[in-house]
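Heads up: the structure comes next, in structure tokens.
The values are calculated or read from the model by the stated rules, or taken from the named source; none is laboratory data. Keep in mind it's a predicted model, so treat the numbers as computed, not measured. Note that each Cβ is placed from the backbone with ideal geometry, even for glycine, and that neighbours are counted across all protein chains shown. To get the accessible areas, we keep the full protein, side chains included, count just its heavy atoms, and leave off ligands, DNA and RNA. Shrake-Rupley method; radii C 1.70, N 1.55, O 1.52, S 1.80 Å.
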Amino acid sequence: MRSANRRQRPRGFRAALLMGAGLGAVACAETGDDPPGSGNVSGTGDAWEVPRTPEGHPDLQGEWTNGTMTPLQRPEGEGLVLTAEQVAIREGRRQEHIDERNAPSDPDREAPPVGGDGSTGAAGGVGGYNYFWIDAGDRVAVYNGEPRSSLLTYPEDGRIPELTAEGQRRRLQAYGRFGGAFDNPENRPIGERCILSFGSNAGPPMLPNYFYNNNYTIVQTPDHIMILTEMVHDVRIIRMGEPKPISGAVRPWFGESWGRWEGDTLVVRTTKLNPDQMAAYVYLFGPGSEKMTVTERFTRADEHTINYEFTVEDADTFTDSWGGEVPFTRLGGQIYEYACHEGNYALSNVLSGARAQERAAAGASGG
């Protein structure tokens, strides 16, 4: 369920931010000028230097966003890098869609039909959030100056590898759990139950949800890295140093993450992901097995960008490893609390409504 306490923010704020980080980066790559907000002064010869903590490591702290319109998987037949014309067409169509959805509602429109109009998603059949609240990403992802057609970069076709026979079996099992009759709260998806972020926002891997709240706060100490995900206010803790594995029977949310520095890159290896979390990934890339390992790399690219790379390895689920690259852009604003089921009675209403339907059906059949 989406937040009943969603923070209010003009769409222009994010649009301007991503414009500077997206097309601005393309223009700067072509002209040699520094991106807006990079901290460099064009023509002065001043070079940006990586900010560092007192321990000498790159400082990753602050607020970041990975919101983008670039899909996870690449459309078949496309190359990885888009032309300027392709970027303009995609972003132009996206803006037209946003403008259309943001048009004022007709105050004289008829009420929706009883039972809803059959639509799904944010509309919810009878109307839900209007588009003011949606912040799905309106710019193409630009990574190292390249506008990308997909976030996935490996395999070379930008597509998630085929599932193994075991992966297919587990996928059907997960669909049966989350896609069948919702007879109890445990069968509702964990994102809807406000246990974890929607999609794979918190990760690993940390991916945009193409809806809203693709924002993060990073706090860094010599021994730990904390990543707060705005969506469902998830908090992920990465321990630094030589791994000291937890008990094999313990599988926490977000798994067990250990980090180390390779030069100026933070490398994080995560194992022991929670089975319920991996089952919920069925809608994204097929439910992972207990052997799934995710390796992430965080590198400061410039004043306003962290280059995020990830690799997923799971031979029990996928016929090959796969991974990608996602730009994290400086947010330039504060992240507020995301209130989910606090004061939100949607889940109890969904379940009580289903029980009422069952009673009505039993009465009609004489049961």
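Just the residues that are at pLDDT below 95 and either more than 24 Å from Met292 (Cα to Cα) or touching a Lys or Arg at 6+ places or on another chain (Cβ under 9 Å) (or both), please, taken from region 236-247.
Gly241, Glu242, Pro243, Pro245, Ile246 - these are the residues of region 236-247 that are at pLDDT below 95 and either more than 24 Å from Met292 (Cα to Cα) or touching a Lys or Arg at 6+ places or on another chain (Cβ under 9 Å) (or both).
Can you spot a residue in region 17-31 that is open to solvent by 40 Å² or more (accessible area, probe 1.4 Å), among the β-branched types (Val, Ile, Thr) and at pLDDT 50 or above?
No: region 17-31 contains no residue that is open to solvent by 40 Å² or more (accessible area, probe 1.4 Å), among the β-branched types (Val, Ile, Thr) and at pLDDT 50 or above.
Quick check: is even one residue across region 125-138 modelled with pLDDT of 70 or more, farther than 16 Å from Phe211 by Cβ and surrounded by 13 or more Cβ atoms within 10 Å (Cβ to Cβ)?
Looking for residues that are modelled with pLDDT of 70 or more, farther than 16 Å from Phe211 by Cβ and surrounded by 13 or more Cβ atoms within 10 Å (Cβ to Cβ), one finds none in region 125-138, hence no.
Within region 209-226, can you find the residues that are open to solvent by 10 Å² or more (accessible area, probe 1.4 Å) and under 12 Å from the mean Cα position of the chain (by Cα)?
Asn209, Tyr210, Phe211
Considering region 253-264 alone, what residues qualify as being without any contact (Cβ under 8 Å) to a residue 40 or more places away in the chain and either surrounded by fewer than 17 Cβ atoms within 10 Å (Cβ to Cβ) or over 17 Å from Pro222 (Cβ atoms) (or both)? It would help to see each step written out before you state the result.
We begin by selecting, within region 253-264, every residue without any contact (Cβ under 8 Å) to a residue 40 or more places away in the chain; these are 256, 258-260, 262-263.
Scanning region 253-264 gives Glu256, Arg260, Glu262, Gly263.
Only residues that are within 14 Å of Ala136 (Cβ to Cβ) and either buried (at least 23 other Cβ atoms within 10 Å of the Cβ) or free of Cβ contacts under 8 Å to residues at least 60 places away in the same chain (or both): list them for region 190-206, please.
Across region 190-206, the qualifying residues are Phe198, Asn201.
Which one of these is of a type in the set (Gly, Ala, Ser), surrounded by fewer than 18 Cβ atoms within 10 Å (Cβ to Cβ) and at pLDDT 95 or above: Ser348, Ser321? Spell out how you get there, then give the answer.
Details: Ser348 fails: at pLDDT 95 or above.
Just a single option satisfies the conditions, and that option is Ser321.
Can you tell me which of Gly77, Gly56 is open to solvent by less than 60 Å² (accessible area, probe 1.4 Å) and either within 27 Å of the chain's Cα centre (by Cα) or at pLDDT 95 or above (or both)?
After ruling out the rest, the residue left standing is Gly56.
Under the condition of being among the hydrophobic types (A, V, I, L, M, F, W, C) and not in a loop (DSSP other than H, G, I, E, B), which residue from region 236-252 is surrounded by the fewest Cβ atoms within 10 Å (Cβ to Cβ)? Give the steps one after another, and end with the answer.
Keep residues of region 236-252 that are among the hydrophobic types (A, V, I, L, M, F, W, C), which gives 237-238, 240, 246, 249-250.
Next, only the ones that are not in a loop (DSSP other than H, G, I, E, B) stay: 237-238, 240.
Details: Ile237: 12, Ile238: 23, Met240: 19.
Result: Ile237.
Evaluate the following for Asn144: is it among the polar types (S, T, N, Q), open to solvent by 50 Å² or more (accessible area, probe 1.4 Å) and more than 27 Å from Ile225 (Cβ to Cβ)?
no
Name the single residue that is surrounded by the most Cβ atoms within 10 Å (Cβ to Cβ) among those in region 83-114 being part of a helix (DSSP H, G or I) and among the aliphatic types (A, V, I, L, M).
Looking at the filtered set, the residue picked out is Val87.
Need the failing condition index for Arg300 against (1) open to solvent by less than 10 Å² (accessible area, probe 1.4 Å); (2) farther than 23 Å from Gln168 by Cβ, just the number.
Going through (1) open to solvent by less than 10 Å² (accessible area, probe 1.4 Å); (2) farther than 23 Å from Gln168 by Cβ one by one, Arg300 breaks only (1).
How about region 210-232: which of its residues are in contact (Cβ under 8 Å) with a residue 40 or more places away in the chain and in a loop (DSSP other than H, G, I, E, B)?
Tyr210, Phe211, Tyr212, Asn213, Asn214, Pro222, Glu230
Kindly provide the set of residues from region 130-150 that are under 17 Å from Ile306 (Cα atoms) and in contact with a Pro (Cβ under 7 Å, 6 or more places away or on another chain), ordered by number.
Val140, Ala141, Val142, Tyr143
Does region 227-235 include one or more residues that are open to solvent by 40 Å² or more (accessible area, probe 1.4 Å) and modelled with pLDDT under 90?
Step one: of region 227-235, the residues open to solvent by 40 Å² or more (accessible area, probe 1.4 Å) are 228, 233, 235.
If we keep only those that are modelled with pLDDT under 90 as well, we get 233.
Taking every residue of region 227-235 in turn, at least one turns out to be open to solvent by 40 Å² or more (accessible area, probe 1.4 Å) and modelled with pLDDT under 90.
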